[in-house]
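Quick notes on the structure that follows.
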Amino acid sequence: MSKPAEAIRRYFYECYAYAVNKIGFLKTHENIVCAAIITEKARRNLFVWYVPITEKWTSKVISNDKSEQGNRLQRYDEFGDPLYTKHADIDAPRLSSSEFWKARGGLTSYSDLQEDFYNKISSNYGAERGESKSYLKNTNAEQARRFQRMDGDLYDEPPPYDDVPF
């Protein structure tokens with residue numbers, strides 16, 4: 001195998017190992033359905049399809065009180081805050097995109113994943129990252145510093161949206 005081909009193979013091996021470590025169920029490939037390598041002259045990509053399962057999740061604590069329609073209502077504490085209970089079950093994981101990403105950092109989890117991938121993998125192969133145009137609330141601290149983002153900058157708020165149908 002030629003040196004460039006070996007380097008490309010090593011790059012995709014590192015990318016897949018990174019994906020297993022970050023999105024794999026219990027750091028395994030059990031929830032990864034498929035991985036496809038797409039190469040173009042100036043770009044090489046690994047696309048990973050996965051099922052967002054998690055062994056940890058939260059659920060509402062339900063009271064015996066019922067709504068007017070007869071549905072049981074969520075229980076609240078003495079301060080009026082809703083109650084939740086935490087669950088963990090490795091043998092019976094849950095399919096939940098929201099819980100999957102909460103476990104990986106919540107609001108900035110995808111941004112954190114991109115930044116971490118760049119720092120640990122892509123930058124070693126000479127890749128460069130463009131300017132972050134994420135809303136500041138979705139930008140992690142490292143990106144905010146690197147892209148000189150701050151409150152009140154151009155991408156701090158979503159653009160106005162007119163949803164009037166006429």
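Values as computed for the structure displayed
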read-out: Leading residue by the ranking (modelled with the lowest pLDDT) among those in the range 31-57 that are polar (S, T, N, Q) and within 20 Å of TYR110 (Cβ to Cβ); value: ASN45
read-out: Any hit, the range 128-145, residues being open to solvent by less than 60 Å² (accessible area, probe 1.4 Å), farther than 28 Å from ARG43 by Cβ, at pLDDT 80 or above and not hydroxyl-bearing (Ser, Thr, Tyr); value: no
read-out: Hey, VAL20 surrounded by 12 or more Cβ atoms within 10 Å (Cβ to Cβ), β-branched (Val, Ile, Thr) and outside any strand (DSSP E or B) or not; value: yes
read-out: For THR85: the one exception among (1) modelled with pLDDT of 90 or more; (2) closer than 30 Å to ALA19 by Cβ; (3) among the hydroxyl-bearing types (Ser, Thr, Tyr); value: (2)
read-out: Residues located in the range 65-117, provided they are assigned to a loop (DSSP other than H, G, I, E, B) and either open to solvent by less than 70 Å² (accessible area, probe 1.4 Å) or under 25 Å from LEU46 (Cβ atoms) (or both); value: SER67, GLY70, ASP77, GLY80, LEU83, ASP89, ALA92, PRO93, SER96, ALA103, ARG104, GLY105
read-out: Residue in the range 45-64 that is open to solvent by 100 Å² or more (accessible area, probe 1.4 Å) and in a loop (DSSP other than H, G, I, E, B) present; value: no
read-out: Members of the range 118-138 that are aliphatic (A, V, I, L, M) and assigned to a helix (DSSP H, G or I); value: LEU136
read-out: Answer residue from the range 11-42, given it is of a type in the set (D, E, K, R) and touching a residue at least 40 places away in the same chain (Cβ under 8 Å) and is farthest from ILE53 (Cα to Cα) among those; value: GLU14
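The values are calculated or read from the model by the stated rules, or taken from the named source; none is laboratory data. Bear in mind the structure is a predicted one, so any value in this text is a computation, not a measurement. Ideal geometry is used to build each Cβ from the backbone, glycine not excepted, and the neighbour counts take in all protein chains shown. SASA here: full protein model, heavy atoms, side chains in, ligands and nucleic acids out. Shrake-Rupley method; radii C 1.70, N 1.55, O 1.52, S 1.80 Å.
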